[in-house]
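Here's the structure, in structure tokens; my notes come after.
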Amino acid sequence: MKLKVCGMKYQDNIAQVAALQPDYLGFIFYEKTPRHFDTKIPDLPKSIKKVGVFVNEDLNTVIEKVNKFDLQAVQLHGEEAPYYCSILRNTKLISKPLDIIKVFSVKEGFNFKVLEPYEDLCDYYLFDTKGKLPGGNGYTFDWSLLEAYPSTKPFFLSGGIGLEQVEALKAFKASSASKYCYALDVNSKFETEPGLKNSASLREFKMKLSPNKDMQNYNVNDKGYYGEFGGAYIPEMLYPNVEELRQNYLKIMGEPDFQKEFNKLLKDYVGRPSPLYFAKRLSEKYNTKIYLKREDLNHTGAHKINNTIGQILMAKRLGKHRIIAETGAGQHGVATATVCALMGMECIVYMGEIDIARQAPNVARMKMLGATVVPALSGSRTLKDATNEAIRDWINNPVDTHYIIGSAIGPHPYPDMVTRFQAVISEEIKWQLKAQEGRENPDYVVACIGGGSNAAGTYYHYLHEESVGIIAVEAAGLGIDSGESAATSVLGKEGIIHGCKTLLMQTEDGQITEPYSISAGLDYPGVGPMHAHLSKTGRAEFLSITDSDAMEAGLELSKLEGIIPAIETSHAFAIFKHKTFKPDDVVVMSLSGRGDKDLQNYIDYFKF
Amino acid sequence: MNRIQNKLQEDKKLVSIYFTAGYPNIDDTVTIIKNLENSGVDMIEIGLPFSDPLADGPTIQDSSTAALKNGMTTEVLFEQLKDIRKSVNIPLIIMGYFNPMFQYGIEAFCKKCNEIGIDGLIIPDLPVDVYHEEYQATFEAYGLINVFLITPQTSAERIAFIDSVSNGFIYMVSSASTTGAKTGFGDEQAAYFERIAKMKLKNPQIIGFGISNNATFTEATKYAKGAIIGSAFVKHVTKHGVHTIDHFIKSVVSG
């Protein structure tokens, strides 16, 4: 079935939605709607047909708009009579072929006889819900009425179609009522405000309706698993909280006012979209085309804030007013403390005692932002133990507290929720790369992985694009075989950590072992369940990089491009020493964080 | 009938004790079990230590870390317990986190428990849903009773589900907390204990978390079939070793 996205209004948004390659984009030339289109249509791929929507418009105006905007179809949404269609069809004033779509509003008792006079005068029908407005009313009609459809003319199905109708649409597609259904027409259910479409949910809708059948599903399934990994292995004490989140997170994320607030904060507070920068000198050195997705330029200096903004808005809507978080390098702690300050919420950050020592500037930042930093004194006193302490806090404070997990780990729905908040990274890469390289899909996307949240966001919209290679870079520490490493995909076995089944570094007896990496953010014995699945299925190539290679790569990026990366990020850049790309390969690197917090470590290492 | 089920039919309030295997010393496991039986407790939970015990407070965490340092593993514990049924008759439950059992192999673990004469398991991070779908048949084939936790936040609907899946007792966590975090009960607990008592569940309830002395033991057993003491007992053996266990038990049960 074809897809038409209607009610387009804004230039950037049109380009974003066009990147999803719908079959039709609709522009409404009707002044009484907030989606009224009155600007320029940017250049669109030829495969996308531009549809002008009119309501009882003067014929001359229609013809003028068709020519001016090079429309390939008109959709007549008023009480246009058969002769009206006939004139449009036969006029010499329009030189190119024009499809005519005549709209009928359907409700119970609809008499299909009204179609008869139009049968030879239009190309398609469009069936919409009978509502107050001509279209954009936001609710569906009873599709089973179409069982009585007497014609063989292909039709568009419209009216209140959104993500929540995916299952119903599948059932419709399987029923005889859909025999002549040619396309789906969507509009208000994918908007954050009238005329502004949410391309992420549109992409999801498209993917859900026609998943690429030859490929595996790399997203989470209904039960919270990625293949065999994921799930929610939690003590009963946490069940009510996690279940509350599971039942609500998709619903809340889909709400227009949530989307609006989230997108506005990402834009005005975080500074998104983050640039996609062509790294000329680095590209020359390694004889390939390297783009840097500049997450380091986000407010607070890393990708982490994409997720904390999303989760604090979620927490607010769940009625929570106390926020807890764990942190390794301190980036997530700072990002959490920041949004708590922004929203005036209490913030407690758990951080391993060792990490507190090696990430002093971030500890100071959190305190300045009003957060309480609690040292985790148990175990290895790093990220794993900070996570344990945060979970214990949540057990002891089950009612008023939301736990903002900083990575794509933890019990379902956390890995999926964090991934969705971070997916803005690949969402932007798609249209940014399109603008610079003329194509949305690079040959490779590369990211470093501890728990894997920047990686999850960088990969998300490419998971099912077969032509895009996915590279995950883990911390090898002093070397895979040194006993001092954090390369989970190599050293880990299936196990349970922090509420999910994933690849996990552990003893034969099932005790979780202490990982090691020079970078506090990669110093984690597990990996997000999505990544475990990508590793196991071979969808992603996992590379591991030692401390020393990472440090050298960080220095090289600084000198070649004038960008000092976080040590976590430096790991990703070390792959060019180990893997050769073709000269015309486009390699997009997630530059997940900036290196200010690591200055002391760089100084100590290089003896500056 | 399983030893746990038999015990639950006795007309008395039950006292159940948790201890961490291999703590304070690696070879204390069997001694502690024997001393506990001799001091008149009704049930024992043998804690299989784990590196990351999420549901536990500092006391049990520390004892677990120490036990692991002492060399305790699943294999070692099974070896220590292999002849336990020659000398001990009371119900024995292994309490531990899911990952070590998962690594041992769930079926192999159950089989071994059955051979030794373990009667039940408590696995705080194996949710009832996953157990019911994936493991219940295996546990039951080896005659093991799996015990689930409920908390003041657990919904009535979920309690009913847990009750339907259980065939021993329900472990009633006294308050929203990790182990050893709270002392003493307030009105909130009393209301919760009463609410659950009124539900007339098929499985009797035993209350744990926050039971440390005669007052809390008496309060808990007013509403439930018995009470579980964990952290307070671990503290006792840390301080006084494994040979004055009967003093501790007496002070809790009879004041």
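Nothing in this text is a laboratory measurement; each read-out follows from the coordinates by a stated rule. In this text, all values refer to a predicted model and were calculated from it rather than measured experimentally. Quick reminder, even Gly has a Cβ in these numbers, built from the backbone with ideal geometry, and neighbours come from all protein chains shown.
Pull out a ≥ b ≥ c, the square roots of the eigenvalues of the alpha-carbon gyration tensor of the stretch A:247-296, then state rounded if a/c is under 1.5, prolate if not and a/b is larger than b/c, and oblate in the remaining case. Let's see the in-between values first.
On the way: a/c = 5.50, a/b = 2.77, b/c = 1.98.
The shape class here is prolate.
Non-local amide H neighbours of B:TYR18 (under 5 Å, H modeled in plane, Pro and chain starts lacking H): which ones?
B:GLU45, B:ILE229, B:GLY230
According to the square roots a ≥ b ≥ c of the eigenvalues of the Cα gyration tensor, what is the shape class of the stretch A:453-569, taking rounded for a/c under 1.5, prolate for a/b larger than b/c otherwise, and oblate for the remainder?
Numbers: a/c = 2.15, a/b = 1.18, b/c = 1.82.
Oblate is the answer for the stretch A:453-569, as a/c is 1.5 or above yet b/c matches or exceeds a/b.
Residues of the stretch B:212-255 with the amide nitrogen closer than 20 Å to a label point 7 Å from the Cα of B:ASP27, along Cα-to-Cβ, please.
B:237-238, B:240-245
To the nearest 0.05, what FRET efficiency results for A:ASP12 and A:THR537 with a Förster distance of 25 Å applied to their C-beta separation?
Details: r = 35 Å, r/R0 = 1.40.
For A:ASP12 and A:THR537, the calculated efficiency is 0.10.
Would you mind checking the tilt of helix A:239-254 against the longest principal axis of the Cα atoms of chain A, expressed as 0 to 90 degrees and rounded to 10?
Around 40 degrees separate the two axes.
Give the cysteines in chain A for which no other Cys Cβ lies under 4.7 Å away, or write none if there are none.
A:CYS6, A:CYS85, A:CYS122, A:CYS181, A:CYS448, A:CYS500 - these cysteines have no disulfide-compatible partner (Cβ-Cβ under 4.7 Å) in chain A.
How would you rank A:118-131, A:492-505, A:37-50, B:189-202, highest first, on the average number of other Cβ atoms within 10 Å across their residues? Mind showing how you got there, number by number?
Numbers: A:118-131: 19.1, A:492-505: 24.4, A:37-50: 12.9, B:189-202: 14.6.
Per-residue mean Cβ counts within 10 Å order the peptides as A:492-505, A:118-131, B:189-202, A:37-50.
Hey, got the average number of other protein chain Cβ atoms within 10 angstrom for residues in A:509-518? Intermediate results must be reported in sequence, preceding the final value.
Working: counts 14, 14, 13, 6, 1, 1, 0, 0, 0, 0.
Mean inter-chain Cβ contacts per residue within 10 Å come to 5.
Set the Förster radius R0 to 35 Å, insert the Cβ-Cβ distance between B:GLU133 and B:LYS200 as r into 1/(1 + (r/R0)^6), and round the FRET efficiency to 0.05. Walk me through the numbers on the way to the answer.
On the way: r = 27 Å, r/R0 = 0.77.
Using R0 = 35 Å, I get an efficiency of 0.85.
Quick one: work out the % antiparallel among DSSP beta bridges in the protein assembly as shown, nearest 5.
Details: 18 of 113 bridges.
Counting DSSP beta bridges with both partners in the protein assembly as shown, the antiparallel share is about 15 percent.
Estimate the FRET efficiency between B:ALA190 and A:LYS264 by the formula 1/(1 + (r/R0)^6), using the beta-carbon distance for r and 41 Å for R0, to the nearest 0.05. The partial results should precede the final answer.
Details: r = 48 Å, r/R0 = 1.17.
Between B:ALA190 and A:LYS264 the formula returns 0.30.
In deg cm²/dmol and to the nearest 500, what is the mean residue ellipticity at 222 nm of chain B if only DSSP H runs of at least 4 residues count, each as -39500 (n - 2.57), divided by the residue total?
Computed mean residue ellipticity for chain B: -12500 deg cm²/dmol.
Could you please rank B:SER212, A:SER175, placing first whichever residue has the fewest other Cβ atoms within 10 Å of its Cβ?
Working: B:SER212 19, A:SER175 14.
In increasing order of surrounding Cβ atoms, one gets A:SER175, B:SER212.
Determine ³J(HN,Hα), in whole Hz, for all residues of the stretch A:467-476 in sequence, where each value follows from phi through the Karplus function 6.51 cos²θ - 1.76 cosθ + 1.60 and θ = phi - 60°; x replaces Gly and Pro.
Using θ = phi - 60°, the values come out as 6, 9, x, 10, 10, 10, 10, 9, 8, 8 Hz.
Quickly work out the A:PHE104-to-A:LYS607 label distance, labels modelled 7 Å from Cα along the C-beta direction, and quote it in nm with one decimal.
Here the answer is 8.5 nm between the modelled labels.
Take peptide B:120-129, look around each residue's Cβ out to 10 angstrom, count Cβ atoms belonging to other protein chains, and average those counts.
Working: counts 0, 0, 0, 2, 6, 10, 4, 11, 2, 4.
Mean shielding count: 4.
Could you name the aspartates and glutamates whose alpha carbon sits less than 14 Å from that of A:LYS559, not counting residues in the same chain fewer than 8 places away?
The qualifying aspartates and glutamates are A:GLU284.
For the Cα atoms of chain A, what angle does the longest principal axis make with the long axis of helix A:59-69, in degrees from 0 to 90, nearest 10?
The answer is roughly 30 degrees.
Label the stretch A:283-374 by shape, choosing from rounded, prolate and oblate, from the square roots a ≥ b ≥ c of the eigenvalues of the Cα gyration tensor; if a/c is under 1.5 it is rounded, and otherwise prolate applies when a/b is larger than b/c, oblate when it is not. Don't jump to the answer; show the numbers that get you there.
Numbers: a/c = 2.93, a/b = 1.58, b/c = 1.85.
Oblate, because a/c is 1.5 or more while a/b does not exceed b/c.
Check A:LEU184: other-chain or 5+ apart residues with amide H under 5 Å from its amide H, H built from backbone geometry?
Counting only residues 5 or more places away or on other chains, the set is A:LYS2, A:LEU3, A:LYS4, A:LEU157.
Show the residues, 5+ positions off or on another chain, whose built amide H is closer than 5 Å to the amide H of A:VAL527.
A:LEU503
On C-alpha positions alone, give me the angle between the axis of helix A:199-209 and the longest principal axis of chain A, in degrees, nearest 10.
The angle comes out at about 80 degrees.
Hey, if you put +1 on the Cβ of every Lys and Arg and -1 on every Asp and Glu Cβ in the stretch A:365-519, which of A:VAL468, A:PRO442, A:TYR403 ends up farthest toward the positive end of that dipole?
Highest projection toward the positive end goes to A:TYR403.
Other chains' Cβ within 10 Å of B:95-105 residues: what's the mean?
Details: counts 0, 1, 6, 5, 12, 8, 2, 8, 11, 3, 0.
Mean partner shielding for this stretch: 5.
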